[in-house]
Amino acid sequence: MKKYHVSTTINGEPVEFLCEPQQTLLDVLRDTLNLTGSKEGCASGDCGACTVIVDGRMVCSCLMLGVEAEGRTVTTVEGIATGDTLHPVQQKFLEHAALQCGFCTPGFIVAAKALLDENPNPTEEEARYWLAGNLCRCTGYDKIIRAVLDAASEMRREAAE
Amino acid sequence: MPGLSFIAPTTIDEAVRALASAPGLAKCLAGGTDLLVQLRSGRSRPELIVDTKRIPDLIGIRDAGDHFVIGAATPGASISACAPLCRAWPGITEAVDLIGSQQIQGRASLGGNLCNASPAADSVPAVIAARATCVVAGPEGTREVPVEAIVTGPGQTSLKKGEFLVEFHVPKPAPHQSDAYLRFIPRTEMDIAVVGCAVNVTLGERGVCRDARVVLGAVAPTPILVPEAAEALVGHWLDEETLARLDAAARRASKPITDKRGTIEYRIKVAGVLARRTAAIAFKRAGEC
Ligand SMILES: Cc1cc2nc3c(=O)[nH]c(=O)nc-3n(C[C@H](O)[C@H](O)[C@H](O)COP(=O)(O)OP(=O)(O)OC[C@H]3O[C@@H](n4cnc5c(N)ncnc54)[C@H](O)[C@@H]3O)c2cc1C
Ligand code: FES
Ligand code: FES
């Protein structure tokens, strides 16, 4: 099968890879680039475990081809922390124990960060709707929502300082 | 998928040439939220994928005076973020907003929703109700057709080999014209419509309806324009008698199937109820603008 050469930016770094046309961005991230933070829960756009941000928009990496990443800017869960400092969303997930098995967590972290970048002060309802495309089979969502809203207020406090 | 190729042309001509000269099945790619699912399941086995998102005409929303131009591959998130469009056609933008999750909104387009040709596609009824047209490019040049002329059956369109959708032209509303879209699903998010209904009305003197379009989704092989339902509204206020006639016309037009989301009887009943509720919202909005 013909391979395509793709130049893109992932988590701020220029990255080049070869991929087959039917490979998804998720396949490439996990199997070619060893960025295994993004998970494959369903491969059909339903669970959000593969959520990444492409050119400022969050998308399911299982529903995007690797070849489509040419010239785009991709952020995965591996690019959310700054060096060793966790992003407030990540920190609050730990503090609130907003995970059990953790399979859904990378997708939630990326989606929650995208939410707070766009809306620093979401209501609980807004947060729940925004995260409706992320499924969790363990937590019952409540702790996740609490962590996200707490991260939002933390980030507003930091921004005010 | 032996022999699959991919191209991402930057002009309409280049895309038409590629689609027209492919010996086997060639598929356009917009957001991929239908196409990638179908590739994976084996339901679609193209030999060429043509990514349309690098053609400038297909991305973005423009104000063209008496109408809006929406690029066929513009993602839902951009459509919901377009304030003038949301003000002009709250029904269209609320319908687009219903498509999938925030992640799906990052990619899902109007062109993909239409050309995937699902009877339950959420954006299609509202776009048809607004008398929108679409520009189709092909080997013989471009043609402009009403949106309702595109879908011919589940998964089937009237597009010929080498043709693809460039953009939608959505007329601007007249004074006291507005729209609404409602779908009925068993949960609050992330499901496919049991029934969808779009109503677009223009009110005249003393709030009497002088023009209407009613479109139902998920109750026939394609979204259906229901002229009898529009006739039930024109010349009337939205009183109980009018609502009852609208309800009956919507039920008569519904030719649904039974599936896991609902039976024939249930869908027909819901079509009538949803038509009433959607009309109430459209009338209220039209009275306020
Ligand atoms: C989790 C999930 C939830 C969903 N929820 C909903 C929902 O609530 N309501 C709903 O209506 N849909 C829903 N969908 C289906 C899908 O998201 C929509 O139909 C979407 O609008 C498709 O747009 P796209 O840009 O992703 O299309 P693509 O997948 O890129 O394309 C779809 C089809 O259209 C063709 N096509 C694309 N662009 C063109 C063009 N310019 N010219 C000609 N043909 C073209 C493609 O070849 C393909 O056959 C959902 C999908 C998923 C995965
Ligand atoms: S793996 Fe992509 S949405 Fe589930
Ligand atoms: S913690 Fe297990 S799926 Fe969410």
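Exactly one condition in (1) over 14 Å from the mean Cα position of the chain (by Cα); (2) away from ligand 2 (no atom under 16 Å from the Cβ); (3) under 23 Å from residue A:72 (Cβ atoms) is not met by residue B:72; state its number.
Single failed check for residue B:72: (1).
Do you know which of the residues in region B:194-205 that are open to solvent by 10 Å² or more (accessible area, probe 1.4 Å) and touching a residue at least 12 places away in the same chain (Cβ under 8 Å) is nearest to residue B:286 (Cα to Cα)?
B:203
Pick out, from region B:88-182, the helices (runs of 4 or more DSSP H) lying fully within it that include 3 or more residues that are of a type in the set (Val, Ile, Thr).
In region B:88-182, the matching helices (runs of 4 or more DSSP H) lie at B:90-97, B:123-129.
Looking at A:41, A:83, A:71, which is the one that is over 14 Å from the mean Cα position of the chain (by Cα), within 13 Å of chain B (Cβ to nearest Cβ) and open to solvent by 30 Å² or more (accessible area, probe 1.4 Å)?
So the residue among A:41, A:83, A:71 that is over 14 Å from the mean Cα position of the chain (by Cα), within 13 Å of chain B (Cβ to nearest Cβ) and open to solvent by 30 Å² or more (accessible area, probe 1.4 Å) is A:71.
In region A:19-37, which residues are within 12 Å of chain B (Cβ to nearest Cβ) and either surrounded by fewer than 17 Cβ atoms within 10 Å (Cβ to Cβ) or assigned to a loop (DSSP other than H, G, I, E, B) (or both)?
A:20, A:21, A:22, A:23
For the subset of region A:76-102 comprising residues that are assigned to a helix (DSSP H, G or I) and hydrophobic (A, V, I, L, M, F, W, C), which member is nearest to ligand 3 (Cβ to nearest atom)?
A:93
Filter region B:54-108 down to the residues that are open to solvent by 40 Å² or more (accessible area, probe 1.4 Å) and of a type in the set (Lys, Arg) and list them by number.
B:54, B:62, B:87
Considering only region A:109-152, state which residues are among the hydrophobic types (A, V, I, L, M, F, W, C), farther than 22 Å from residue B:100 by Cβ and open to solvent by less than 30 Å² (accessible area, probe 1.4 Å).
A:147, A:151, A:152
Run residue B:15 past the list (1) open to solvent by 10 Å² or more (accessible area, probe 1.4 Å); (2) of a type in the set (Gly, Ala, Ser); (3) more than 14 Å from chain A (Cβ to nearest Cβ); (4) within 27 Å of residue B:170 (Cβ to Cβ) and report the number of the one that doesn't hold.
The failed condition is (1).
Residue A:132 fails exactly one of the following numbered conditions: (1) within 16 Å of ligand 2 (Cβ to nearest atom); (2) away from chain B (no Cβ under 14 Å). What is the number of that condition?
Exception for residue A:132: condition (2).
From the set of residues in region B:20-50 that are buried (at least 18 other Cβ atoms within 10 Å of the Cβ) and more than 9 Å from ligand 1 (Cβ to nearest atom), which is farthest from the other protein chains (Cβ to nearest Cβ)?
So, considering only residues that are buried (at least 18 other Cβ atoms within 10 Å of the Cβ) and more than 9 Å from ligand 1 (Cβ to nearest atom), the one farthest from the other protein chains (Cβ to nearest Cβ) is B:22.
Kindly establish whether residue A:16 is more than 9 Å from every other protein chain (Cβ to nearest Cβ), surrounded by fewer than 19 Cβ atoms within 10 Å (Cβ to Cβ) and in contact with a His (Cβ under 9 Å, 6 or more places away or on another chain).
For residue A:16, the condition - more than 9 Å from every other protein chain (Cβ to nearest Cβ), surrounded by fewer than 19 Cβ atoms within 10 Å (Cβ to Cβ) and in contact with a His (Cβ under 9 Å, 6 or more places away or on another chain) - is met.
All but one of (1) outside any loop (DSSP other than H, G, I, E, B); (2) within 16 Å of ligand 3 (Cβ to nearest atom) hold for residue A:42, so report the exception by its number.
That leaves (1) as the condition not met.
Only one of B:189, B:205 is at pLDDT below 95 and more than 27 Å from residue A:45 (Cα to Cα). Can you tell me which?
B:205
Within region A:1-18, which residues are in a loop (DSSP other than H, G, I, E, B) and within 14 Å of residue A:79 (Cα to Cα)?
Passing the criteria: A:11, A:12.
Would you be able to tell me the number of residues in region B:240-266 that are charged (D, E, K, R), part of a loop (DSSP other than H, G, I, E, B) and surrounded by 15 or more Cβ atoms within 10 Å (Cβ to Cβ)?
Of the residues in that region, 1 qualify.
The values are calculated or read from the model by the stated rules, or taken from the named source; none is laboratory data. Here the structure is a predicted model, which is why all the values come from computation and not from measurement. Cβ: placed from backbone, ideal geometry, glycine included. Neighbour counts: every protein chain shown. To get the accessible areas, we keep the full protein, side chains included, count just its heavy atoms, and leave off ligands, DNA and RNA. Shrake-Rupley method; radii C 1.70, N 1.55, O 1.52, S 1.80 Å.
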